[in-house]
1. Amide H of Ile244 versus every other amide H placed in the peptide plane: which residues, excluding those fewer than 5 positions away on the same chain, fall under 5 Å?
2. With θ set to phi - 60°, apply the Karplus curve 6.51 cos²θ - 1.76 cosθ + 1.60 along the stretch 50-58 and write out the HN-Hα couplings as whole Hz, x wherever there is a Gly or Pro.
3. Residue-wise, which Karplus ³J(HN,Hα) couplings in Hz belong to the stretch 219-230, taking 6.51 cos²θ - 1.76 cosθ + 1.60, θ = phi - 60°, and x for glycine or proline?
4. Grab the beta carbon distance between Arg139 and Ala49, set R0 = 45 Å, and tell me the FRET efficiency rounded to 0.05.
5. Rounded, prolate or oblate, given the Cα gyration tensor of the stretch 119-242, with a/c below 1.5 counting as rounded?
6. Kindly work out what percent of the DSSP beta bridges joining two residues of the chain are antiparallel, to the nearest 5.
7. What ³J(HN,Hα) values, in whole Hz, does the Karplus curve 6.51 cos²θ - 1.76 cosθ + 1.60 give for the stretch 40-48 when θ = phi - 60°, with x put for Gly and Pro?
8. Work through the residues other than Gly59 whose Cβ is under 10 Å from its Cβ and net out their charges, Lys, Arg +1 and Asp, Glu -1.
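Every number here is computed from the coordinates shown, using simple stated rules; none is lab data. Note that the structure is predicted; figures quoted are calculated from it, not measured. So basically every Cβ, Gly included, is an ideal-geometry build from the backbone, and we count neighbours across all protein chains shown.
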Amino acid sequence: MREDLISRAGRPAIRIRRCGVGRPVVLVHGFASGLEGWPRDGVASLCNAYHVILIDLPGHGGSAPATLDDTHPEAAVDALLSAVGAVTDIEAASWMGYSMGARLLLTALALGAPLRHLLLESANPGIVEPSERSRRAARDAVWAARFEREPLGSVLDDWLAQPIFATRAELSPSDRDRQRGVREAADGASLGAWLRGFGSGTMPPAWSALEGSTVPLDLLVGDRDLRYVELARAIERRRLDARIEIATGVGHAPHIEAPDVWTEWVAAALKEG
């Protein structure tokens, strides 16, 4: 593995870790996670065939903290593309994003980024209805204040107690400890900034960008994550060429809960894409 800290004036320094050679594949993690959270065996397998690029978004893992300005959609996309562009040709890459990472990639698509192929796990293209957006933004603001002011560990306890993460209780103790360590490497104030600047209620919806795009699209969702199964089906109705994989017996994070399934899905999607 090669590791770099990509620094650019006016943007937080971003940690990138790379392995392998060949076509670039970029992995973009979710909220309060990081590049250490991907399946180790799965990443190692991908490195045998591709140039795999893992990043820590600003405020996560080994990257510099994020301010509210850094998490606004245009700035967040610019920071991601600039960092990856420092180590590879972004137009040649396939991009895999989980949850918030998937939303960030959809936002990049909506902003006209030259994305070759999208692999999205547990993806939400955004909330459209104004009152629902307001409710979600208000809820995210409450969480943001807690992340900014309270000890990170105690807020994470409550964050992970939300129903969407219930299936993680079925992970082995070692897997739970590993993922908790990844989360605790984040910066609390930065997490608050991400919720304020790029929460589901504040990000611009990307549904219309999906409808107008011909970028190959692969989706992965857990069958126990009913809301995101519904979202995947809604995406499919707008993009009839989208390829959907529904992982059996898992919830919101198939890459954690069923890493072998995730690895097989990524490998198959890259072969097709």
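1. Counting only residues 5 or more places away or on other chains, the set is Leu219.
2. 9, 8, 8, 10, 10, 10, 9, 5, x
3. For the stretch 219-230, the Karplus-derived couplings read 10, 10, 8, x, 5, 8, 9, 4, 4, 7, 4, 4 Hz, x marking Gly and Pro.
4. Given R0 = 45 Å and the Cβ-Cβ separation, E is 0.65.
5. oblate
6. Given both bridge residues lie in the chain, the antiparallel proportion sits at roughly 30 percent.
7. 4, 5, x, 5, 4, 5, 5, 5, 6
8. My count for the surroundings of Gly59 gives -3.
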